[in-house]
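Notes for the one structure printed next.
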Amino acid sequence: MEFKSDKLYWIRPPKEYTVTDERIEIITEPVTDLWQRTYYHFQNDNAPVLQMKTSETFFSFTVKTAFESSWRFDQCGVVMYLDSDNWIKASIEYENEEYQRLGSVVTNLGYSDWATTDIPASIKHMWYRLSRREDDYCLESSLDGVNFKQMRICHLHKGAGEISFGVYACSPEHSSFKATFTDMEITECKWLPHVSGV
């Protein structure tokens with residue numbers, strides 16, 4: 001399985017974008033987001049998503065993101081979007097000039113959660129790795145594309161069988177920025193099975 005541009009399809013394409021096998025650029029539009037219900041009670045499902053389909057049950061997808069975000073909640077990253085009520089994303093959300101939030105969201109059956117850690121606002125690139133083991137998933141991040149740190153392990157209730165995965169970018173408030181995606185690679189599953197000690 002290869003990550004090829006001719007296999008990709010848009011959910012809500014942005015007005016401005018560039019897509020090749022080596023590079024994807026998205027110019028975000030204001031008031032675009034992905035979130036369902038929890039805490040805020042609102043439902044936002046209008047962010048552009050570019051992804052491909054697969055029935056492969058064991059694999060890893062890696063991508064490097066570079067971003068020029070400078071407004072609260074600006075974000076871009078990796079996504080596995082099945083429908084408006086069932087999806088996973090990992091990204092950095094800009095907060096202010098001091099810090100931003102490296103985090104992940106899992107939305108199961110119409111309810112989102114958000115797990116985060118604060119990182120310096122000076123960071124303007126990040127690698128992400130999404131790994132699949134049947135209907136369970138692992139999200140990881142890396143500053144150098146070599147050393148990855150686990151962000152979360154999760155289960156998606158509708159994550160068995162054929163899925164779709166790729167990248168997204170959005171600006172929930174009144175802003176716009178350029179998100180760039182490179183180094184896209186699909187490999188054997190890097191999330192190894194857990195082996196208990198004897």
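The values are calculated or read from the model by the stated rules, or taken from the named source; none is laboratory data. These numbers were taken from a predicted model, which means no experiment stands behind them. Note that each Cβ is placed from the backbone with ideal geometry, even for glycine, and that neighbours are counted across all protein chains shown. Keep in mind that these areas ignore ligands, DNA and RNA; they rest on the heavy atoms of the full protein, side chains included. Shrake-Rupley method; radii C 1.70, N 1.55, O 1.52, S 1.80 Å.
Data table
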quantity	calculated
Contacts under 6 angstrom Cβ, first residue in the range 30-52 being in a strand (DSSP E or B) and at pLDDT 95 or above, partner among the hydrophobic types (A, V, I, L, M, F, W, C) and crowded, with 21+ Cβ neighbours inside 10 Å, 6 or more apart	LEU34/ALA47; VAL49/VAL79; LEU50/VAL167; GLN51/PHE165
Selected residue (only one of SER131, SER141, SER176, SER164 is part of a loop (DSSP other than H, G, I, E, B) and polar (S, T, N, Q))	SER176
Candidate set: the range 140-178, residues that are open to solvent by 60 Å² or more (accessible area, probe 1.4 Å) and among the charged types (D, E, K, R); chosen: the one nearest to THR32 (Cα to Cα)	LYS178
TYR17 being under 26 Å from GLY145 (Cβ atoms), open to solvent by 50 Å² or more (accessible area, probe 1.4 Å) and not charged (D, E, K, R)	yes
Residue within the range 46-64 that is more than 12 Å from VAL167 (Cα to Cα), surrounded by 17 or more Cβ atoms within 10 Å (Cβ to Cβ) and of a type in the set (Asp, Glu) present	no
The range 140-162, residues that are in contact with a Phe, Trp or Tyr (Cβ under 9 Å, 6 or more places away or on another chain), in contact (Cβ under 8 Å) with a residue 12 or more places away in the chain and hydrophobic (A, V, I, L, M, F, W, C)	LEU143, PHE148, MET151, ILE153, CYS154, LEU156
Scan of the range 65-87 for residues that are part of a strand (DSSP E or B) and surrounded by fewer than 17 Cβ atoms within 10 Å (Cβ to Cβ), ordered by number	ALA66, ASP83
Residues located in the range 127-139, provided they are in contact (Cβ under 8 Å) with a residue 40 or more places away in the chain and open to solvent by 10 Å² or more (accessible area, probe 1.4 Å)	TRP127, ARG129, ARG133, GLU134
Only one of GLU93, GLU97 that is part of a strand (DSSP E or B), within 21 Å of HIS174 (Cα to Cα) and either at pLDDT 95 or above or open to solvent by 60 Å² or more (accessible area, probe 1.4 Å) (or both)	GLU93
Cross-chain or 6+ apart pairs with Cβ under 9 Å, the range 5-29 first and closer than 17 Å to HIS174 by Cα, then among the basic types (Lys, Arg) and assigned to a loop (DSSP other than H, G, I, E, B)	ILE27/LYS15; GLU29/LYS15
The one condition in (1) among the polar types (S, T, N, Q); (2) surrounded by fewer than 18 Cβ atoms within 10 Å (Cβ to Cβ); (3) touching a strand residue (DSSP E or B) at 6+ places or on another chain (Cβ under 6 Å) that SER122 fails to fulfil	(3)
